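Input: a single structure, listed below in C-alpha coordinates.
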Amino acid sequence: MLRYAYYKIKLRFPDGKSDYMICCLYMMKSDIAVHQVQITRYVKDFLSAAFDKNFKVKMIFMKIIILLAVILISNTGCTQNTAKKQVQNNIHVGGRCEGCEAIHESPVPFDSLKDVTWLPDWNDKGRKLAINGVIYDINGKPVPNVIIYVYHTDQTGIYPKKGDEIGWGKRHGYIRGWMKTNEKGEYKFFTLRPVAYPGRQAPEHIHITIKEPDKNEYWIDEYLFDDDPILTEKERKNCQDRGGSGIIKVKDTGEMLKAERNIYLGKNIPDYPKQ
(Lines give C-alpha, C1' and ligand atoms only; values in the text may rest on other atoms or scores of the structure.)
Protein backbone atom coordinates (compact mmCIF):
# COMPACT_ATOMS: atom_id res chain seq x y z
CA MET A 1 0.00 0.00 0.00
CA LEU A 2 1.35 3.46 -0.93
CA ARG A 3 1.26 6.16 1.74
CA TYR A 4 1.62 9.95 1.16
CA ALA A 5 2.24 12.80 3.59
CA TYR A 6 2.62 16.46 2.59
CA TYR A 7 4.36 19.11 4.69
CA LYS A 8 4.21 22.84 3.79
CA ILE A 9 6.84 25.10 5.36
CA LYS A 10 6.85 28.90 4.91
CA LEU A 11 10.35 30.34 4.49
CA ARG A 12 11.37 34.02 4.95
CA PHE A 13 14.74 34.97 3.52
CA PRO A 14 17.08 37.78 4.75
CA ASP A 15 16.19 40.00 1.80
CA GLY A 16 12.53 40.05 2.89
CA LYS A 17 11.22 37.65 0.30
CA SER A 18 9.23 34.59 1.34
CA ASP A 19 8.49 31.27 -0.28
CA TYR A 20 7.09 27.85 0.56
CA MET A 21 8.65 24.43 0.55
CA ILE A 22 6.34 21.50 0.11
CA CYS A 23 7.79 18.14 1.18
CA CYS A 24 6.16 15.00 -0.08
CA LEU A 25 6.83 11.86 1.92
CA TYR A 26 5.95 8.51 0.47
CA MET A 27 6.75 4.90 1.23
CA MET A 28 5.81 1.43 0.22
CA LYS A 29 4.90 -1.03 2.96
CA SER A 30 8.12 -2.99 2.53
CA ASP A 31 10.61 -0.23 1.70
CA ILE A 32 11.34 2.38 4.35
CA ALA A 33 14.74 3.04 2.72
CA VAL A 34 12.96 4.93 -0.10
CA HIS A 35 11.50 7.26 2.51
CA GLN A 36 14.86 7.91 4.13
CA VAL A 37 16.58 8.71 0.82
CA GLN A 38 13.75 11.00 -0.20
CA ILE A 39 13.98 13.01 3.03
CA THR A 40 17.76 13.28 2.69
CA ARG A 41 17.46 14.61 -0.85
CA TYR A 42 14.87 17.22 0.15
CA VAL A 43 17.06 18.43 3.01
CA LYS A 44 20.20 18.64 0.85
CA ASP A 45 18.53 20.39 -2.09
CA PHE A 46 16.66 22.78 0.10
CA LEU A 47 19.65 23.85 2.14
CA SER A 48 21.89 24.34 -0.89
CA ALA A 49 19.32 26.38 -2.83
CA ALA A 50 17.63 28.49 -0.18
CA PHE A 51 20.27 29.46 2.38
CA ASP A 52 23.46 30.98 1.13
CA LYS A 53 23.46 34.34 2.95
CA ASN A 54 22.92 33.97 6.62
CA PHE A 55 24.61 31.20 8.62
CA LYS A 56 22.36 31.69 11.65
CA VAL A 57 19.20 31.28 9.60
CA LYS A 58 20.70 28.22 7.98
CA MET A 59 21.29 26.56 11.33
CA ILE A 60 17.78 27.29 12.61
CA PHE A 61 16.07 25.84 9.56
CA MET A 62 18.47 22.90 9.41
CA LYS A 63 17.53 21.93 12.97
CA ILE A 64 13.82 22.24 12.20
CA ILE A 65 13.98 20.10 9.06
CA ILE A 66 16.19 17.43 10.62
CA LEU A 67 13.80 17.22 13.58
CA LEU A 68 10.83 16.79 11.25
CA ALA A 69 12.67 14.11 9.28
CA VAL A 70 13.49 12.12 12.42
CA ILE A 71 9.90 12.29 13.66
CA LEU A 72 8.45 11.27 10.32
CA ILE A 73 10.85 8.35 9.87
CA SER A 74 10.12 7.07 13.37
CA ASN A 75 6.36 7.29 12.92
CA THR A 76 6.47 5.67 9.51
CA GLY A 77 8.61 2.84 10.79
CA CYS A 78 6.12 2.15 13.57
CA THR A 79 3.27 2.14 11.08
CA GLN A 80 5.08 -0.34 8.90
CA ASN A 81 5.83 -2.69 11.79
CA THR A 82 2.22 -2.53 12.92
CA ALA A 83 1.01 -3.33 9.41
CA LYS A 84 3.32 -6.36 9.24
CA LYS A 85 2.04 -7.57 12.60
CA GLN A 86 -1.56 -7.19 11.46
CA VAL A 87 -0.85 -9.15 8.28
CA GLN A 88 0.78 -11.90 10.35
CA ASN A 89 -2.23 -12.08 12.65
CA ASN A 90 -4.64 -12.18 9.71
CA ILE A 91 -3.01 -15.19 8.05
CA HIS A 92 -5.55 -18.02 7.82
CA VAL A 93 -3.81 -21.26 8.72
CA GLY A 94 -4.85 -24.53 7.10
CA GLY A 95 -6.76 -23.25 4.08
CA ARG A 96 -10.50 -23.62 3.50
CA CYS A 97 -12.36 -25.66 6.10
CA GLU A 98 -16.08 -26.20 5.99
CA GLY A 99 -17.46 -26.82 9.44
CA CYS A 100 -14.27 -26.10 11.39
CA GLU A 101 -16.06 -23.29 13.21
CA ALA A 102 -18.02 -26.03 15.01
CA ILE A 103 -15.12 -26.14 17.44
CA HIS A 104 -16.55 -22.93 18.94
CA GLU A 105 -19.85 -24.64 19.75
CA SER A 106 -18.42 -26.33 22.82
CA PRO A 107 -21.01 -26.38 25.64
CA VAL A 108 -18.11 -25.85 28.04
CA PRO A 109 -15.98 -22.67 27.81
CA PHE A 110 -12.51 -23.33 26.42
CA ASP A 111 -10.90 -22.27 29.70
CA SER A 112 -12.83 -24.98 31.55
CA LEU A 113 -12.22 -27.88 29.14
CA LYS A 114 -10.35 -30.91 30.45
CA ASP A 115 -7.76 -33.06 28.71
CA VAL A 116 -10.10 -36.09 28.88
CA THR A 117 -13.66 -36.39 27.60
CA TRP A 118 -16.33 -39.04 27.07
CA LEU A 119 -18.45 -38.73 23.93
CA PRO A 120 -22.24 -39.13 24.31
CA ASP A 121 -22.28 -42.62 22.76
CA TRP A 122 -19.96 -44.16 25.38
CA ASN A 123 -22.76 -46.03 27.18
CA ASP A 124 -24.41 -47.27 23.98
CA LYS A 125 -23.88 -50.75 22.56
CA GLY A 126 -20.77 -51.07 20.43
CA ARG A 127 -17.01 -51.56 20.56
CA LYS A 128 -15.67 -49.22 23.23
CA LEU A 129 -12.67 -47.23 22.12
CA ALA A 130 -10.13 -45.05 23.94
CA ILE A 131 -7.76 -42.82 21.96
CA ASN A 132 -4.96 -40.83 23.54
CA GLY A 133 -1.90 -38.93 22.38
CA VAL A 134 0.37 -35.92 22.75
CA ILE A 135 0.43 -32.76 20.64
CA TYR A 136 3.92 -31.50 19.76
CA ASP A 137 5.15 -28.30 18.13
CA ILE A 138 7.59 -28.28 15.21
CA ASN A 139 10.50 -28.49 17.65
CA GLY A 140 9.16 -31.60 19.34
CA LYS A 141 7.98 -29.79 22.47
CA PRO A 142 4.58 -30.77 23.99
CA VAL A 143 2.00 -28.01 23.56
CA PRO A 144 -0.63 -27.26 26.23
CA ASN A 145 -4.02 -25.56 25.77
CA VAL A 146 -4.71 -26.84 22.25
CA ILE A 147 -8.46 -27.27 21.71
CA ILE A 148 -9.54 -30.52 20.03
CA TYR A 149 -12.95 -31.17 18.50
CA VAL A 150 -13.97 -34.65 17.27
CA TYR A 151 -17.14 -36.16 15.85
CA HIS A 152 -18.12 -39.35 14.03
CA THR A 153 -20.92 -41.67 12.94
CA ASP A 154 -22.95 -44.02 15.14
CA GLN A 155 -23.27 -47.79 14.91
CA THR A 156 -25.42 -47.52 11.77
CA GLY A 157 -22.97 -45.32 9.88
CA ILE A 158 -24.89 -42.04 10.11
CA TYR A 159 -24.45 -38.82 12.07
CA PRO A 160 -27.37 -39.20 14.49
CA LYS A 161 -29.57 -36.32 15.57
CA LYS A 162 -31.85 -35.89 18.56
CA GLY A 163 -33.78 -33.03 17.02
CA ASP A 164 -32.58 -30.25 19.26
CA GLU A 165 -29.23 -29.69 17.57
CA ILE A 166 -28.12 -26.19 16.67
CA GLY A 167 -25.35 -24.84 14.48
CA TRP A 168 -23.10 -27.48 13.00
CA GLY A 169 -24.66 -30.09 15.26
CA LYS A 170 -27.39 -30.34 12.62
CA ARG A 171 -24.81 -31.91 10.29
CA HIS A 172 -22.25 -33.40 12.64
CA GLY A 173 -24.83 -35.00 14.91
CA TYR A 174 -24.61 -35.31 18.68
CA ILE A 175 -21.70 -37.78 18.87
CA ARG A 176 -19.05 -35.16 19.27
CA GLY A 177 -16.76 -33.88 21.97
CA TRP A 178 -14.25 -31.21 22.98
CA MET A 179 -11.06 -31.37 25.03
CA LYS A 180 -7.94 -29.32 25.72
CA THR A 181 -4.39 -30.59 26.06
CA ASN A 182 -2.84 -30.43 29.52
CA GLU A 183 0.54 -29.00 30.47
CA LYS A 184 2.20 -32.10 29.00
CA GLY A 185 0.36 -31.74 25.69
CA GLU A 186 -1.73 -34.84 26.42
CA TYR A 187 -5.33 -35.56 25.42
CA LYS A 188 -7.66 -38.54 25.60
CA PHE A 189 -11.23 -39.37 24.66
CA PHE A 190 -13.56 -42.32 25.12
CA THR A 191 -16.20 -43.29 22.57
CA LEU A 192 -17.41 -46.20 20.45
CA ARG A 193 -15.61 -47.22 17.30
CA PRO A 194 -17.60 -45.65 14.46
CA VAL A 195 -19.15 -47.62 11.62
CA ALA A 196 -18.57 -46.85 7.94
CA TYR A 197 -21.21 -44.99 5.95
CA PRO A 198 -24.12 -47.06 4.62
CA GLY A 199 -22.89 -48.85 1.50
CA ARG A 200 -19.37 -48.90 3.02
CA GLN A 201 -17.88 -46.66 0.36
CA ALA A 202 -15.56 -44.88 2.77
CA PRO A 203 -13.39 -46.19 5.62
CA GLU A 204 -14.39 -45.84 9.26
CA HIS A 205 -13.14 -42.49 10.49
CA ILE A 206 -13.31 -39.83 13.19
CA HIS A 207 -13.19 -36.18 12.15
CA ILE A 208 -10.89 -33.86 14.06
CA THR A 209 -10.41 -30.09 14.18
CA ILE A 210 -7.83 -28.33 16.35
CA LYS A 211 -7.23 -24.78 17.49
CA GLU A 212 -3.96 -23.51 18.87
CA PRO A 213 -4.10 -20.58 21.31
CA ASP A 214 -2.74 -18.02 18.82
CA LYS A 215 -4.19 -19.36 15.55
CA ASN A 216 -7.48 -20.02 13.84
CA GLU A 217 -9.04 -23.47 13.88
CA TYR A 218 -8.10 -25.94 11.11
CA TRP A 219 -8.59 -29.59 10.24
CA ILE A 220 -6.02 -32.34 10.28
CA ASP A 221 -6.16 -35.87 8.90
CA GLU A 222 -9.05 -37.94 10.21
CA TYR A 223 -8.49 -40.85 12.53
CA LEU A 224 -8.48 -43.96 10.33
CA PHE A 225 -8.13 -47.56 11.46
CA ASP A 226 -5.21 -49.61 10.24
CA ASP A 227 -7.23 -52.87 10.42
CA ASP A 228 -10.18 -51.49 8.43
CA PRO A 229 -10.56 -53.59 5.24
CA ILE A 230 -12.02 -50.58 3.43
CA LEU A 231 -8.81 -48.64 4.04
CA THR A 232 -7.17 -49.70 0.79
CA GLU A 233 -3.65 -48.92 -0.35
CA LYS A 234 -5.06 -46.20 -2.57
CA GLU A 235 -6.87 -44.63 0.38
CA ARG A 236 -3.66 -44.69 2.41
CA LYS A 237 -1.72 -42.94 -0.35
CA ASN A 238 -4.42 -40.27 -0.61
CA CYS A 239 -3.86 -39.23 3.00
CA GLN A 240 -2.27 -35.79 3.31
CA ASP A 241 -0.74 -36.47 6.73
CA ARG A 242 -1.86 -33.09 8.02
CA GLY A 243 -0.64 -32.99 11.57
CA GLY A 244 1.06 -36.31 10.97
CA SER A 245 -0.48 -39.64 10.01
CA GLY A 246 -4.03 -40.21 11.19
CA ILE A 247 -3.92 -43.98 10.72
CA ILE A 248 -4.07 -45.60 14.14
CA LYS A 249 -3.35 -49.17 15.20
CA VAL A 250 -5.94 -50.54 17.57
CA LYS A 251 -5.15 -52.90 20.41
CA ASP A 252 -7.93 -55.05 21.90
CA THR A 253 -7.51 -55.27 25.68
CA GLY A 254 -10.61 -57.39 26.11
CA GLU A 255 -12.63 -54.65 27.77
CA MET A 256 -12.10 -52.03 25.11
CA LEU A 257 -10.07 -51.00 22.10
CA LYS A 258 -7.13 -48.68 22.65
CA ALA A 259 -5.16 -46.57 20.19
CA GLU A 260 -2.65 -43.76 20.25
CA ARG A 261 -2.07 -40.84 17.93
CA ASN A 262 0.43 -38.06 18.41
CA ILE A 263 -0.20 -34.81 16.54
CA TYR A 264 2.51 -32.56 15.12
CA LEU A 265 1.51 -28.93 14.75
CA GLY A 266 2.37 -27.35 11.41
CA LYS A 267 3.21 -30.60 9.65
CA ASN A 268 1.80 -30.44 6.10
CA ILE A 269 -0.48 -27.57 7.13
CA PRO A 270 -0.89 -24.86 4.42
CA ASP A 271 0.10 -21.31 5.39
CA TYR A 272 1.45 -22.42 8.75
CA PRO A 273 3.76 -19.68 10.12
CA LYS A 274 7.46 -20.45 9.87
CA GLN A 275 9.47 -20.29 13.05
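Observations
- Matching residues, the stretch 120-153, being in contact with a His (Cβ under 8 Å, 6 or more places away or on another chain) and either part of a loop (DSSP other than H, G, I, E, B) or not assigned by TED's automatic domain parsing to the domain that holds A202 (or both): H152
- Residues satisfying the stated conditions in the stretch 195-218, i.e. out of contact with any helix residue (DSSP H, G or I) (no Cβ under 9 Å at 6 or more places or on another chain) and of a type in the set (S, T, N, Q): Q201
- Count of the stretch 121-151 residues, restricted to those that are hydroxyl-bearing (S, T, Y) and out of contact with any Phe, Trp or Tyr (no Cβ under 6 Å at 6 or more places or on another chain), is 1.
- Selection within the stretch 166-181 - assigned to a loop (DSSP other than H, G, I, E, B) and either surrounded by fewer than 17 Cβ atoms within 10 Å (Cβ to Cβ) or touching a Ser or Thr at 6+ places or on another chain (Cβ under 6 Å) (or both): I166, G167
- Scanning the stretch 206-245 for residues that are in a loop (DSSP other than H, G, I, E, B), within 21 Å of G133 (Cα to Cα) and aliphatic (A, V, I, L, M) turns up just one, I220.
- Applying the set (1) under 10 Å from D115 (Cα atoms); (2) in contact with a Ser or Thr (Cβ under 6 Å, 6 or more places away or on another chain) to Y149 leaves exactly one unmet item: (1).
- For V93, the test of being within 26 Å of Q275 (Cβ to Cβ) and assigned to a loop (DSSP other than H, G, I, E, B) is passed.
Residues are listed down the side, and each one gets a yes or a no for (1) more than 31 Å from the chain's Cα centre (by Cα); (2) surrounded by fewer than 15 Cβ atoms within 10 Å (Cβ to Cβ):
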residue	(1), (2)
P194	no, no
T209	no, no
I230	yes, no
R236	no, yes
G244	no, no
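- Any hit, the stretch 135-152, residues being at positive phi, under 23 Å from the mean Cα position of the chain (by Cα) and surrounded by 16 or more Cβ atoms within 10 Å (Cβ to Cβ): yes
- On inspection, K184 fails the criterion of being part of a helix (DSSP H, G or I) and out of contact with any Gly (no Cβ under 8 Å at 6 or more places or on another chain).
The values are calculated or read from the model by the stated rules, or taken from the named source; none is laboratory data. All of these numbers come straight from a predicted model, not from anything done at the bench. Methodologically, a virtual Cβ is constructed for each residue, glycine included, from the backbone with ideal geometry; neighbour enumeration extends over all protein chains shown.
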